[in-house]
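The values are calculated or read from the model by the stated rules, or taken from the named source; none is laboratory data. Here the structure is a predicted model, which is why all the values come from computation and not from measurement. So basically every Cβ, Gly included, is an ideal-geometry build from the backbone, and we count neighbours across all protein chains shown.
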Amino acid sequence: MTDKSLLIVGGGPGGYAAAFLASDLGMKVTLIDEEKQLGGVCLLRGCIPSKALLHLAKLISEVKDAAQWGLSYGSPEIDLDKIRDWKSRVTGNLTGGLAQLCKQRGIERIAGRAVFKSSQSVEVAGHGSITFERAVIAVGSTPVFPADWAVAGVMDSTRALELENIPQRLLVIGGGYIGLEMGTVYAALGSRVSVVEMTDGILPGVDRDLVRILQARLRKTFDRVDLNTRVVSLQRNGASLKVVLQKGEEPEETQEFDGALAAVGRQPNTRDLGLENTRVQLDDRGFVKVDADGQTDDSAIYAVGDVIGGAMLAHKASHEGKKVVEKLAGGTEEPMHPVVPAVVFTDPEIAWCGLTESEARAQGTEIAIAKFPWGASGRASTLGRNDGTTKLIVDPHSRRILGVGLVGSGVGELISEAALAIQMKARVEDLAGTIHPHPTLSETLMEAAEVFLGKSTHQYKKTR
Ligand SMILES: Cc1cc2nc3c(=O)[nH]c(=O)nc-3n(C[C@H](O)[C@H](O)[C@H](O)COP(=O)(O)OP(=O)(O)OC[C@H]3O[C@@H](n4cnc5c(N)ncnc54)[C@H](O)[C@@H]3O)c2cc1C
């Protein structure tokens, strides 16, 4: 569809990736975002600022660890102004780069809030009505946040990233990845962090054997992690926050904190978007319904990213954005979500992709598991970080790798090899037969494959 108008609403990783590819393929593209800066939640108040702060947290924790090996620096001096400034420079440079790329591609950018008026037009305050032939909704999501929590001064993740201050006692409500990552940042900067999670485990959905290794370290990082615990009420009393908690069926208990951060989920930004003026349908949680190609019930309108639900991750959004554009340009037959890796940037990190063990058990899929514990990894030993595991989920008949789960320091950088292996339908022999450089953590993938084949160099298996 060369030189036909494509309108993209939302300039996050879903929207800008779609806009850039569409322009590269010769389409006339208009990109609307209500923010002046491009990058969406990911760049402005999500992935990037949180990872910048987590990098500092990692440095602080590594310096602490180093003391036991004979390298001491003393206590870190924390200059919050400088940290905020550094974080802003990181996001500023990246969003500036996106603006430049947009300009170079000749994409028309409009800063304003778009509201759909029909299947062929949106209204943007200050810019009037804009018509389109095709549109992509990439408006993302926002934190779920009860109104009374806001009154009590509880932070959402956006505010927590501002680092207004470092509360002495911080309550993190929600043991999902955002709560744990932000808790890790505040703990490194000096807060005593307590986490409460409503369900019976942190990181619901992630294989428990991986989570257990993270939990062992979190016991040192955080003051407490209370499972099966919910916040009954919150009340601000001057500088202190009185929180009534209930654990399971136990009697309610009041605890005092200096600050709280809520990370209890995210909701799609479909409210007040004017979708009732189109044929786009929403599910009962407000997510836009799409088919396997990202097309909504309105044939002129597609949707990608957080707003369609599933894994709410930036790389999933970008992938979907590009796939939709390829489809509009004449199409590929590839499925929309081949393998979506996920990384939790705690310390240690957890990463997984493909089938998880818990999913396989729930579906009744026959699998074999091969694990290589990092106690036997030379590289992990040199880092003083043997608290890790590499786990393969394998089809016992074809020996194809169906899933990979990793926990350990820096595993976010290892998971892409696993994603490629699954995507390319690799068998354990492929992974075992690929020479991995020594000493690296990537060797643990090769060794886990060798464990499956009963010939791991660094794990003894009695055969005679
Ligand atoms: C603290 C935190 C940490 C995270 N860390 C990670 C991570 O490490 N890795 C990862 O993969 N994901 C992470 N995420 C999730 C990731 O940020 C999202 O999955 C991703 O940003 C979704 O991209 P998107 O394009 O769908 O939407 P968004 O990034 O939400 O962008 C949507 C854009 O649409 C604009 N918009 C909304 N409504 C309108 C409208 N009506 N008109 C015009 N513009 C509109 C918004 O201003 C926004 O810029 C994190 C999220 C948070 C909150």
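If we keep just the residues of the range 312-358 that are at pLDDT 95 or above and of a type in the set (S, T, Y), which is nearest to the ligand (Cβ to nearest atom)?
The residue in question is S318.
How many residues does the range 257-275 hold that are over 22 Å from the mean Cα position of the chain (by Cα) and within 9 Å of the ligand (Cβ to nearest atom)?
Count: 3.
Of the numbered conditions (1) acidic (D, E); (2) without any contact (Cβ under 8 Å) to a residue 60 or more places away in the chain; (3) surrounded by 16 or more Cβ atoms within 10 Å (Cβ to Cβ), E181 satisfies every one except a single condition; which is it?
For E181, the exception is condition (2).
Using the structure shown, decide if R84 is surrounded by 16 or more Cβ atoms within 10 Å (Cβ to Cβ), out of contact with any Phe, Trp or Tyr (no Cβ under 7 Å at 6 or more places or on another chain) and more than 30 Å from A114 (Cα to Cα).
On the way: surrounded by 16 or more Cβ atoms within 10 Å (Cβ to Cβ): yes; out of contact with any Phe, Trp or Tyr (no Cβ under 7 Å at 6 or more places or on another chain): yes; more than 30 Å from A114 (Cα to Cα): yes.
Yes; evaluated as a whole, the condition is true for this residue.
When the residues of the range 46-65 are narrowed to those that are within 15 Å of S409 (Cα to Cα), out of contact with any Ser or Thr (no Cβ under 6 Å at 6 or more places or on another chain) and in contact (Cβ under 8 Å) with a residue 24 or more places away in the chain, which ends up surrounded by the fewest Cβ atoms within 10 Å (Cβ to Cβ)?
Checking each candidate, the answer is D65.
Residue check: is I107 more than 10 Å from the ligand (Cβ to nearest atom), within 30 Å of Q295 (Cα to Cα) and β-branched (V, I, T)? Walk me through how you get there before you give the answer.
On the way: more than 10 Å from the ligand (Cβ to nearest atom): yes; within 30 Å of Q295 (Cα to Cα): yes; β-branched (V, I, T): yes.
Considered against the rule, which asks whether it is more than 10 Å from the ligand (Cβ to nearest atom), within 30 Å of Q295 (Cα to Cα) and β-branched (V, I, T), I107 comes out as yes.
Against the definition (within 16 Å of the ligand (Cβ to nearest atom) and closer than 22 Å to F222 by Cα), how does K64 come out, yes or no?
no
When you scan the range 202-216, do you find a residue that is more than 14 Å from the ligand (Cβ to nearest atom), part of a strand (DSSP E or B), in contact with a strand residue (DSSP E or B) (Cβ under 8 Å, 6 or more places away or on another chain) and in contact (Cβ under 8 Å) with a residue 60 or more places away in the chain, even just one?
no
When the range 120-158 is examined, which residues are found to be buried (at least 19 other Cβ atoms within 10 Å of the Cβ), in contact with a helix residue (DSSP H, G or I) (Cβ under 7 Å, 6 or more places away or on another chain), closer than 30 Å to M182 by Cβ and of a type outside the set (A, V, I, L, M)?
G140, S141, P143, S157
When the range 276-291 is examined, which residues are found to be more than 26 Å from the chain's Cα centre (by Cα) and either hydroxyl-bearing (S, T, Y) or surrounded by 15 or more Cβ atoms within 10 Å (Cβ to Cβ) (or both)?
N277, T278, V280
When A311 is evaluated against the numbered criteria (1) touching a helix residue (DSSP H, G or I) at 6+ places or on another chain (Cβ under 6 Å); (2) part of a loop (DSSP other than H, G, I, E, B), which criterion, by number, is the only one it fails?
Exception for A311: condition (1).
If the requirement is being buried (at least 16 other Cβ atoms within 10 Å of the Cβ), more than 20 Å from the chain's Cα centre (by Cα) and of a type in the set (G, A, S), which of these qualifies: A376, A419?
A376
So, of the residues in the range 1-37 that are within 6 Å of the ligand (Cβ to nearest atom) and assigned to a strand (DSSP E or B), which turns out to be farthest from the chain's Cα centre (by Cα)?
So, considering only residues that are within 6 Å of the ligand (Cβ to nearest atom) and assigned to a strand (DSSP E or B), the one farthest from the chain's Cα centre (by Cα) is I32.
Within the range 133-157, restricting attention to residues that are closer than 22 Å to A239 by Cβ and either β-branched (V, I, T) or part of a loop (DSSP other than H, G, I, E, B) (or both), which residue is nearest to the ligand (Cβ to nearest atom)?
Residue satisfying both the conditions and the ranking: D156.
Out of the helices (runs of 4 or more DSSP H) lying entirely within the range 38-132, which hold 3 or more residues that are of a type outside the set (D, E) and under 20 Å from V344 (Cα atoms)?
Because the criterion is at least 3 residues that are of a type outside the set (D, E) and under 20 Å from V344 (Cα atoms), the helices (runs of 4 or more DSSP H) in the range 38-132 that meet it are 40-45, 47-66.
In the list I107, I137, which residue meets the criterion of being more than 25 Å from the chain's Cα centre (by Cα) and of a type in the set (V, I, T)?
Criteria check complete, one pass: I107.
Residues to consider are G294, G309; find the one that is surrounded by 15 or more Cβ atoms within 10 Å (Cβ to Cβ), of a type outside the set (S, T, N, Q), closer than 14 Å to I8 by Cβ and within 15 Å of the ligand (Cβ to nearest atom).
Every option except G294 fails the conditions.
Conditions tested, residue by residue: (1) among the small types (G, A, S); (2) in a helix (DSSP H, G or I).
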{"site": "L261", "(1), (2)": "no, no"}
{"site": "D272", "(1), (2)": "no, no"}
{"site": "R279", "(1), (2)": "no, no"}
{"site": "V290", "(1), (2)": "no, no"}
{"site": "E320", "(1), (2)": "no, yes"}
{"site": "G330", "(1), (2)": "yes, no"}
